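The structure appears right after this line, and notes come after that.
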């Protein structure tokens, strides 16, 4: 249902007009002007409300669509979607615990669980010879029925015999199983963040409307005796999930000056 909306006149100044319109629309969404599934006014109606051009409104709506707040369909209009779930990228809580703390019900679906031979890339990450048996576990993880992550992990089979006998579709924590069942707690974790375009299969598993760029994490987990225990790859839904960074402790960084040499070789 399309609601009548009274916009705000935009003012020329240092803030671009499209960004002013964007901020007003974000505020309207945050205060419940439209609910999930509602159709918002047309571009022409919004342009009239804000006293601006169609191009200005189109840029604001495009930005909201890129953020996953709106879904724009040619011939049908623009509709409100579920706002993305924001998580702290360096938060101390696990996936399930963090989602519960945000008021969501986490879930997992096991897509693949098998034994396979380690590829050279996986073997190098886990410090094992190529073709060494590893366990491969692939899960779609989400909240309130919405897929958020596609998680793929590989672990040395010799270190965790019988791992795949556990039911990881019931939101069993892999790291809890490593600690409590196999006596191999994860001590530290190293991740590489990059941008990718999900494959057609990955987009389907995540329920994406289009194959837009997504965040990918590639990580290696180490046990207390510094043994690599897990190699992981995680694809984050660009439509339903967002990450932010909120460090704890003293944020001040000390930077040591770099000594430069002058052209004649003397210290500057």
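Let's see how each residue does on (1) at pLDDT 95 or above; (2) touching a strand residue (DSSP E or B) at 6+ places or on another chain (Cβ under 8 Å); (3) under 24 Å from residue 104 (Cα atoms); (4) in the same structural domain as residue 98 (by TED's automatic domain parsing):
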position: 124; (1), (2), (3), (4): yes, no, no, yes
position: 150; (1), (2), (3), (4): yes, yes, yes, yes
position: 159; (1), (2), (3), (4): yes, yes, no, yes
position: 164; (1), (2), (3), (4): no, yes, no, yes
position: 168; (1), (2), (3), (4): no, yes, yes, yes
position: 176; (1), (2), (3), (4): no, no, yes, yes
position: 186; (1), (2), (3), (4): no, yes, no, yes
position: 194; (1), (2), (3), (4): no, yes, no, yes
- Show the residue pairs that are 6+ apart or on different chains and have beta-carbon atoms under 7 Å apart, the first residue being within the stretch 59-77 and over 14 Å from residue 29 (Cα atoms), the second being modelled with pLDDT under 90 and part of a helix (DSSP H, G or I). 72/65
- When (1) out of contact with any strand residue (DSSP E or B) (no Cβ under 8 Å at 6 or more places or on another chain); (2) surrounded by 11 or more Cβ atoms within 10 Å (Cβ to Cβ); (3) closer than 15 Å to residue 77 by Cβ are applied to residue 44, the one that fails is (2)
- Query: Just to be sure, is residue 190 on the phi > 0 side of the Ramachandran plot, touching a strand residue (DSSP E or B) at 6+ places or on another chain (Cβ under 6 Å) and loosely packed, with under 15 Cβ neighbours inside 10 Å?
  - Reply: no
- Message: Taking the conditions exactly as written (assigned to a helix (DSSP H, G or I) and surrounded by 12 or more Cβ atoms within 10 Å (Cβ to Cβ)), does residue 58 satisfy them or not?
- Response: yes
- Note on the structure: The lone condition residue 65 fails out of (1) at pLDDT 85 or above; (2) assigned to a loop (DSSP other than H, G, I, E, B) is (2)
- Task: Filter the stretch 129-175 for residues that are in a helix (DSSP H, G or I) and free of Cβ contacts under 8 Å to residues at least 60 places away in the same chain and give the result.
- Result: 163, 164, 165, 174
- Task: Examine the stretch 21-32 for a residue that is surrounded by 14 or more Cβ atoms within 10 Å (Cβ to Cβ), at pLDDT below 90 and assigned to a strand (DSSP E or B), and state whether such a residue exists.
- Result: no
- Counted residues in the stretch 210-250 being assigned to a loop (DSSP other than H, G, I, E, B) and modelled with pLDDT of 80 or more come to 8
- Message: Whether any residue in the stretch 93-105 is at pLDDT below 90, outside the structural domain of residue 153 (by TED's automatic domain parsing), loosely packed, with under 14 Cβ neighbours inside 10 Å and more than 24 Å from residue 221 (Cβ to Cβ) is what I want to check.
- Response: no
- Restricting the search to the stretch 176-209, which residues are in a strand (DSSP E or B) and touching a helix residue (DSSP H, G or I) at 6+ places or on another chain (Cβ under 7 Å)? 186
- Message: Name the residue that is surrounded by the most Cβ atoms within 10 Å (Cβ to Cβ), counting only residues in the stretch 119-144 that are over 15 Å from residue 170 (Cα atoms) and in contact with a helix residue (DSSP H, G or I) (Cβ under 7 Å, 6 or more places away or on another chain).
- Response: 134
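The values are calculated or read from the model by the stated rules, or taken from the named source; none is laboratory data. Since we're looking at a predicted model, the values are computed, not measured. Because the Cβ atoms are built from the backbone with ideal geometry, glycine has one as well, and the counts that use them run over all protein chains shown.
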